[in-house]
Amino acid sequence: MKRLRTLSADAGIVIDVSSLPRGAQQLMKLAAAVPDKTDAHTPPKRSSFLMIVGQDAVEFLHSSGKILTFIGETTLAFLRLLRGHARLRRSDLFLIMEDCGGRALPIESLISFLVGLILAFVGAIQLELFGAQIYVADLVGIATVRIMGAIMTGIVMAGRTGGAFAAQLGTMQVNQEIDTLKTMGISPMEFLVLPRMLALAIMLPLLCLYANVMGRLGGMVVGVGLLDIDFIQYFNQTVKAVRLWDLGIGLFNSIVFGIIVALSGCMRGMECGRSW
């Protein structure tokens with residue numbers, strides 16, 4: 001409409017809308033009352049490099065503060081648990097342990113077995129050049145027990161259980177269930193976060209032990225089936241190579257990974273916003 005009026009004015013033509021119906025005249029007035037949007041398609045101004053760095057630094061400091069606050073609140077809740085003052089239900093703890101423990105065995109078996117196969121294949125290619133195929137047992141055993149079992153277990157639980165924790169607490173945040181707990185005087189950190197952290201800290205070492213067994217079985221399939229190593233010889237070489245210290249390192253790593261996965265999932269769920 002505005003363009004038509006501009007073209008008519010340039011040509012010296014007067015637009016007469018008096019003969020139009022009343023409704024059409026009102027529509028013409030509304031069309032003419034629309035503000036100019038010629039600036040809507042102009043590209044936005046680019047921020048300077050220093051401004052971008054400053055915004056990222058402020059956001060990083062803000063996020064770091066929120067993370068430290070969440071960790072501090074979780075630590076206080078754990079200390080109250082040690083004193084026997086924490087308010088959590090044991091039934092919830094056992095249900096979470098069942099969900100993140102026994103139900104995770106199928107995917108954990110597959111991933112750990114494949115990791116053991118891959119480690120054995122990679123080592124076999126190089127060790128065969130020197131006729132030292134027997135040391136595939138050392139490679140798979142030490143790597144799986146010391147770090148790979150804990151890492152793969154942590155990755156699986158981060159994608160499976162950590163995401164589930166974030167979804168559960170996020171849904172509760174959206175439905176105002178967490179606000180209800182606060183209104184009733186129940187700490188969400190004790191009632192929701194603490195059981196999930198304890199469940200993963202307890203179950204992840206057990207899953208790590210299971211991953212160690214499956215990983216060494218995968219390596220044994222390659223060693224016995226492709227490298228013609230005797231089963232008893234492979235087993236004895238694995239027992240000789242793996243020490244109790246290596247197992248302790250892997251279990252300690254798994255506990256740390258379990259706490260990190262639980263806190264990360266719960267924190268993102270608690271930070272979930274509402275759409276209204």
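The values are calculated or read from the model by the stated rules, or taken from the named source; none is laboratory data. Worth saying up front: this structure is predicted, and the values here are computed from it rather than measured. Here the Cβ is made from the backbone with ideal geometry for all residues, glycine too, and neighbour counts use every protein chain on show.
If we keep just the residues of region 236-274 that are of a type in the set (Phe, Trp, Tyr) and free of Cβ contacts under 8 Å to residues at least 12 places away in the same chain, which is surrounded by the fewest Cβ atoms within 10 Å (Cβ to Cβ)?
Trp245
For the condition at pLDDT below 90 and in contact with a Leu (Cβ under 9 Å, 6 or more places away or on another chain), what is the one hit in Leu227, Leu251? Working first, answer last.
Numbers: Leu251 fails: at pLDDT below 90.
Leu227 is the lone residue from the list that is at pLDDT below 90 and in contact with a Leu (Cβ under 9 Å, 6 or more places away or on another chain).
For Phe70, indicate whether it is under 22 Å from Gly269 (Cα atoms), within 20 Å of the chain's Cα centre (by Cα) and surrounded by 10 or more Cβ atoms within 10 Å (Cβ to Cβ).
Numbers: under 22 Å from Gly269 (Cα atoms): yes; within 20 Å of the chain's Cα centre (by Cα): yes; surrounded by 10 or more Cβ atoms within 10 Å (Cβ to Cβ): yes.
Yes: the conditions hold for Phe70.
Return the residues of region 177-199 that are touching a residue at least 40 places away in the same chain (Cβ under 8 Å), part of a helix (DSSP H, G or I) and of a type in the set (A, V, I, L, M, F, W, C); say none if nothing qualifies. Can you show your working first?
First pass over region 177-199, keeping only residues touching a residue at least 40 places away in the same chain (Cβ under 8 Å): 178, 186-199.
Restricting the remaining residues to those that are part of a helix (DSSP H, G or I) gives 178, 188-199.
Residues satisfying the conditions are Ile178, Met189, Phe191, Leu192, Val193, Leu194, Met197, Leu198, Ala199.
Ile155 - would you say it is out of contact with any Gly (no Cβ under 9 Å at 6 or more places or on another chain), modelled with pLDDT under 90 and of a type in the set (Val, Ile, Thr)?
Numbers: out of contact with any Gly (no Cβ under 9 Å at 6 or more places or on another chain): yes; modelled with pLDDT under 90: no; of a type in the set (Val, Ile, Thr): yes.
No; evaluated as a whole, the condition is false for this residue.
For region 113-146, give me the residue count where each residue is among the acidic types (Asp, Glu) and at pLDDT 85 or above. Lay out the reasoning, then the answer.
Here is the first cut: in region 113-146, the residues among the acidic types (Asp, Glu) are 128, 138.
Those still in the list that are at pLDDT 85 or above too: 138.
Result for region 113-146: 1.
Within region 87-118, which residues are closer than 12 Å to Leu217 by Cβ and surrounded by 20 or more Cβ atoms within 10 Å (Cβ to Cβ)?
Matches in region 87-118: Ser112, Val115, Gly116.
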